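Presented below is the structure to which this report refers.
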Amino acid sequence: MQNKKIGLTVSVLCLIGLWQLLAVLIGEELILPSPVRVVVKLGEMAGTSQFYRTVGITFGRILAGFSIAVLLGSILSVLSVYSDAIQTLLFPVISVLKSIPVASFAVLCLMWVRTNNLPILISCVVNIPIIYINSLSGMKSADVKLLQIAKVYRLKFFTRLRYIHLPAAKDQFLAAVSLSSGVAWKSAVAAEIIGLPAVAIGSAVQTAKVYLETAELFAWTVVVLALSALFDKAVAKFFNLLFKVAVR
């Protein structure tokens, strides 16, 4: 664990060093601002109440979209384990959702939903296939011998689900949740850039781009990366705890 932290720290420092070197070589802040300039700009942004309001609203949208995706993906995967007919019925739907281009779908959705709700819808739609496919694969990999014993003793479906399928799906589900947490941030912010809600990180990014505020653009990118990493850790801890409670 200690070696991993050291390696991560060295990697981050090397990236920052390379960034600083490129900024010096280019010598044009409009194209590539230095890390120091970005940190200063981030400090200026953090000194305003609007910054926290913007971050909070975007975070709320992402949390909503991610939560709905996890809930729906999990329920659909359980239904697919229960019935092969349901799995067959869902296959084309999941295949379409998995392959749909985010940008074009976001533009299309603007005809159906308000701009404030667009990031929620997009992050949800993008993440449902990730949760569904991984959860279903994990539950389908349950020990055949345990399933045969459960069949002999005529255990109810939810008993089999709790003590056989869920433990088998744990690793794949947690991996899916970790992947989805990052995808939720990327897709939601992209949807905000397209939909331009009144208050949103994506709208702030687009405004910075229009006014050629490159340092601010980088600062918002750093904010998204940092929040995404923290969100990933929080989500991992939450679902690890949830699994411990569910299968004990």
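Coordinate-derived values only; no laboratory data. Remember, it's a predicted structure, so these values are computed and weren't measured experimentally. Methodologically, a virtual Cβ is constructed for each residue, glycine included, from the backbone with ideal geometry; neighbour enumeration extends over all protein chains shown.
Among residues other than Ser178 with Cβ under 10 Å from its Cβ, the summed charge is 0 (Lys and Arg +1, Asp and Glu -1). For the range 133-221, the residue among Val183, Trp220, Ala168 whose Cα projects farthest onto the positive side of the dipole built from Cβ charges is Ala168.
Relative protection proxy for 204-216, 90-102, from highest mean packing down: 204-216, 90-102 (other beta-carbon atoms within 10 angstrom). For the range 205-220 versus the range 229-248, the inter-centroid distance based on Cα atoms is 35 Å.
Ranked by the mean number of other Cβ atoms within 10 Å per residue, highest first, peptides 228-234, 38-44 order as 38-44, 228-234. The range 1-57 and the range 143-192 have Cα centres lying 37 Å from one another. Rg and Dmax over the alpha-carbon atoms of the range 45-105 stand at 17.6, 56 Å. The angle between the Cα long axis of helix 2-26 and the longest principal axis of the Cα atoms of the chain comes to about 40 degrees, rounded to the nearest 10. Considering only Cα atoms, the convex hull volume of the range 37-247 works out to 123 Å³ per residue.
This ranking places Phe238, Phe173 by how few other beta-carbon atoms lie within 10 Å of each, fewest first, which gives Phe238, Phe173. The residues packed around Ala46, meaning those with a beta-carbon under 13 Å from its beta-carbon, carry a net charge of 0 if Lys and Arg are +1 and Asp and Glu are -1. Once both labels are positioned 7 Å from their Cα atoms along Cα-to-Cβ, the gap between Ser137 and Lys98 label points is 0.8 nm.
No solvent, one uniform scatterer per C-alpha: report log10 I(q)/I(0) for the range 22-152 via the Debye equation at q = 0.11, 0.14, 0.17, 0.18 1/Å, two decimals. Normalising to I(0) and taking log10 leaves -0.65, -0.83, -0.97, -1.02.
With a Cα cut-off of under 19 Å and a minimum spacing of 8 residues unless on different chains, the lysine pairs in the chain number 17.
Using a Gaussian network model on the chain with a 10 Å cutoff between Cα atoms, which of Leu227, Leu76, Leu89 fluctuates the most? Of the options given, Leu89 has the highest mean-square fluctuation.
Label separation (Ser11 vs Leu241): 2.7 nm, computed from points 7 Å beyond Cα along the C-beta direction. Output the 0 to 90 degree angle, nearest 10, between the alpha-carbon long axis of helix 166-195 and the longest principal axis computed from the alpha carbons of the chain. On a 0 to 90 degree scale, this one is about 40. Think of each Lys and Arg Cβ as +1 and each Asp and Glu Cβ as -1; about the Cα centre, that makes the dipole of the range 1-67 roughly 320 debye.
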